[in-house]
Structure formats: C-alpha cells, structure tokens
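Only one structure is covered here, and it is reproduced in the block below.
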Amino acid sequence: MEISENIKQASLQALKELIAQPSYNQPAQPHAPWGTGINDALKTVLAICDQLGFKTYQDPDGYYGYADVGSGDETFGIVCHVDVVPVDRAGWHTDPFKAVVKDGWIYGRGAQDDKGPTIAAIFAVKALMDAGVKFDKKIRFIFETDEETLWRGMAQYNKKEAPITMGIAPDAEFPLIYAEKGLEQAYLVGPGSEQLHLELKNAFNVVPDKAVYNGPKLTAVKQALDELGFAYQDDGDQIVVLGKAVHSMKAPEGTNAVLRLAMALDKVFPGIPALDFIGKCFKQDMTGKNVLGDVADEASGHLTFNISSLEINDKESRMQIDLRIPVTIDHDALIKKLDDKAHEYGLHYEKFDYVAPLYVPKDSQLVKTLMKVYQDATGDMQSQLAVSGGATLARTMHQCVAFGAMLPGTKDLMHQNDEAWPLADFYKVMSIYADAIKELCTK
C-alpha cells in the first residue's frame, strides 16, 4: 500500500512524541508500577491512538493499555511495548529522548525497539482507515509496559482481558519468526567458601566478555589461564579474562570470560562446588551437552545454555543461568535433569523466571499470509521463515508471531548508543503492515 505524505508526516511527529518519554524502569509510583516515565509513554501512545479515532483503555493500575478499531467476533492483536532500556547519555551524540532526524535516519531511544515499529503499525491502520477500508475483525493494539524486564504488564493483561484470535508482535526481524525457544532463567546455588570470594555479575541474557580477578593466588591463576590457553589482560594487581560478548540466544557463538576464569580458578582452588561444576562438568560447551546431553529438535534446533554470573562468598555460591529450550522439549523433565546433575556437584536449582515457547506451524493461515505479503511487498524470495532463541511478546498470546519490523540488511542498533532507524524503512514497514492487516482483517 502506498503511504501518503500526510500519514508519513503525522507518523513521524507521533514517533518524536513517543521517543520524548524517558520510559525506562524506575521506582514505582501510584498507578505507575515501573515509574512515571513508562506511565507517561503509555499515556502518550494512547493519546495518539485516541486522536486517530481508536477506542482506548488504560489499566487503572498502570500495567497495560490497549486501543481498538473495527469490530467482529474475532480479535487481531498487535502486541507492542512502550518501555525501553536505560541509556548511558555519555555514549550518545544526540539527546536519546529528543528525536533527531539526520541523514535520513531518526535517532532516539526506542527508534528500533519498539517505539518506531509501534508507531509504524498504528499508522498502517490509520492509512487503511483513511482509504475507507472496513475491518471484519476487531484490531487491538496491546501496549506492554514491562517488556525489557519481566513482562509483568502482559501477565496482568492476560489475567484481566479476553484472548486474541491471532496476531503479530512488531518487535523482531522480517520476514517472520514462527518459533521461539522456551526461556528459562534460574540460579544454581551451593555452599560458599572462606578461601575465595567472587562477584562476577552480569545480565542473564549476555555472554560476558570480561571477568576481573584480583583475589588470592593471582600468580597461580595466571599460570592456570596460560595452561588453558585463555587470553587475559595483566594489570599487575589484577587480571581481566577476555572473551567475546553475544546475546545468550547465540551463546555458542560467544566466548564466556566468566567460564574461562572459573575453569582456571578450579585448578587453583580445588573442592569449591561451583567451580567444580564449571571446571569439571560444564566447561565451555554452551549447548549444555556436558550437563544435559544433546538437547535439540527439528523445529528449533539445539538448546543454548549460558552461565552469565558467578558469585561466591562465605555463605553461598550462586550462578545465573539462561537456557533457550527447543520448542518441543519437555521443560519440566529438562529442569529435573539439570537439578539432578547440579546435586552431583553439591548445588541445587532455584527458579527465577520461565517463559513458555512459541510455535505456530509454517502451514497455518497466519504464517502463510504474512509471508506472502512480505514477499510481494519486498520481492525478497530468499529470506526464510525463522526460529529464534530470543523472546518476543508474541509468545504471550494465542496464534501470534513476530513479524518485523527490521528489514534484512538494517543495522541492529537496539539497546545501543545512538539507536536509530532509517526513515525509508519506517515508511516501508508501515506499508507492509498495512498490506498484512488488510489481508487478515478484511473480507
């Protein structure tokens, strides 16, 4: 569908308004569980939808909002989020919360994740409305407020609201992700140690590229690293073990500095259960094969297993683990096997969070229709349906997939300094969404 100049200008202004809200997680306020910034972003996007003629609703407790247009017995959901990750302003060349258009790109936190795609989808529907298209389904935009942390907004939505019939989440890459692995984040916990203290803390979902050590027996630790062939930076009174950072969903493609340091420490400090588990069992196989065997399925490939953090003090040892579990694997049986193996090393499993997998068959009407729309709009016949170890809000909904919004070749700047999105992509994606919604929501 051709997007008019009026729609382009109005959508750009709306995106600037939404980017202007510093919507990262902050201390709770009344009716704003993640702080006023996220609540203001929710109010802003609902006001934009209200001005366009949608019927809007904000949860009185501030967990979510939605905007409806059209009517029918079925509901087509478009699941978006208005929260963003925090910023390091020193790393930006522009104000991250004052959108700047430069050289054909719009800069600002959320430009790619997920404010830009959200506005593109909203104005795709507006373009259809202006063209006189009549919808035979209710179209509902659902706005999550906690996607970057624990998805607690969607949990509340699903408790309070009726399910959708089918839908999309515009928060990934084209052409389409039809399967997302289960996401398990947990701890392995065991006894502490008086001879060694560590505080190697990182996010669950990152393979750490550095691990600093300045504890006892430093010379022996260096020697162990040399014997293992692991790179490190020697700063005299401390060392920095070096690795390669990647997202946990791609853990085998990275080099985990925490694991490498732990393997060296296991040689120098024998008998510490957490180190024994890593040094003698897990090692560096981030498919988890040494712990759980070869876990894979035809639909979504191999398990990935990341140990991102390791803390040891007098009282306990604790490591963070992140598993991306193939879609057809029995979750409970897998976790029992993990706990059994942990017990062999004096550790035990503690749950933190689990998000069930997403799997919509390739031959479903939803997947076939979206793929055809994408191919017709772009001429891209090479890109394939995708499986992801990542997690999008699509998996919180029935019969829902991640559809865009990043086109092949678009530089991934999500969560990074100077986050930006080409305006040409913004408008192209708007057109693709308009075509998809017309196909799925009209007779």
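Accessible surface calculations at 1.4 Å, restricted to protein heavy atoms, place the chain at 41 Å² per residue.
With R₀ fixed at 22 Å, the C-beta to C-beta distance from CYS281 to LEU150 puts the FRET efficiency at about 0.15.
Each of GLU161 and GLU439 was given a label point 7 Å from its Cα along the Cα-to-Cβ line. The distance between the two points is 2.5 nm. The length gained by stretching the chain between ASN6 and HIS197 to full extension, at 0.36 nm per residue less their Cα-Cα distance, is 62.6 nm. Computed over every Cα-Cα pair of the chain and binned at 20 Å starting from 0, the pair-distance distribution P(r) comes out as 24, 51, 23, 2 percent. Calculated from the alpha-carbon coordinates, region 60-203 shows an Rg and a Dmax of 20.0, 73 Å respectively.
Given a Förster distance of 30 Å, report the FRET efficiency between ASP130 and ASP380 from their Cβ-Cβ distance, rounded to the nearest 0.05. Calculated value: 0.65.
Taking the DSSP bridge list for the chain and keeping only pairs wholly inside it, about 75 percent are antiparallel. With each label modelled as a point 7 angstrom along the Cα→C-beta vector, the ALA333-LYS102 pair spans 5.5 nm.
Note on region 196-270: Kirkwood hydrodynamic radius from all Cα pairs is 12.5 Å, rounded to one decimal.
If the segment from ALA231 to LYS315 were pulled out straight at 0.36 nm per residue, it would be longer than the present Cα-Cα gap by 27.2 nm. Between the alpha-carbon centres of region 274-339 and region 199-266 there is a gap of 18 Å.
Just checking the listed ones, GLN233, GLN284, GLN185: in the Gaussian network model of the chain with Cα springs under 10 Å, the one fluctuating most is GLN233. Rounded to the nearest 500, the 222 nm mean residue ellipticity of the chain from helices alone is -9500 deg cm²/dmol, with -39,500 (n - 2.57) taken per DSSP H run of at least 4 residues.
Protein-only accessible surface at a 1.4 angstrom probe places the residues ARG260, ARG89 in the order ARG89, ARG260, largest first. Were the residues from ALA356 through ALA245 laid out at 0.36 nm apart, the gain over their Cα-Cα distance would be 37.4 nm. Note that region 300-443, at 25 °C in a medium of 0.890 mPa s, gets a Stokes-Einstein diffusion coefficient of 131 µm²/s from its Kirkwood radius over C-alpha pairs. Over region 206-346, with a single point scatterer placed on each C-alpha, what log10 of the ratio I(q)/I(0) does the Debye formula yield at q = 0.08, 0.09, 0.19 1/Å? Each listed q maps to, in turn, -0.22, -0.28, -1.12.
Whenever you get a sec, compute what percent of the accessible area on the chain sits on carbon and sulfur atoms (1.4 Å probe). List each step's numbers first, then the result.
Values: 8580 of 18330 Å².
Taking all protein chains in place, the chain shows 47 percent carbon and sulfur surface.
Between ASP322, ASP171, ASP95, the residue with the greatest mean-square fluctuation in the GNM of the chain (Cα pairs under 10 Å linked by springs) is ASP95.
Using alpha carbons only, how many angstrom separate the centre of region 98-139 from the centre of region 352-386? Centre-to-centre (Cα) distance: 20 Å.
Would you mind checking the tilt of helix 115-130 against the longest principal axis of the Cα atoms of the chain, expressed as 0 to 90 degrees and rounded to 10? Result, in degrees: 20.
The values are calculated or read from the model by the stated rules, or taken from the named source; none is laboratory data. Since the structure is predicted, the reported quantities are computational estimates derived from the model, not experimental observations. Every residue, glycine as well, gets a Cβ built from its backbone with ideal geometry; the counts of neighbours run over all protein chains shown. Each accessible area value is taken on the protein alone, full model and side chains, heavy atoms only, with ligands, DNA and RNA left out. Shrake-Rupley method; radii C 1.70, N 1.55, O 1.52, S 1.80 Å.
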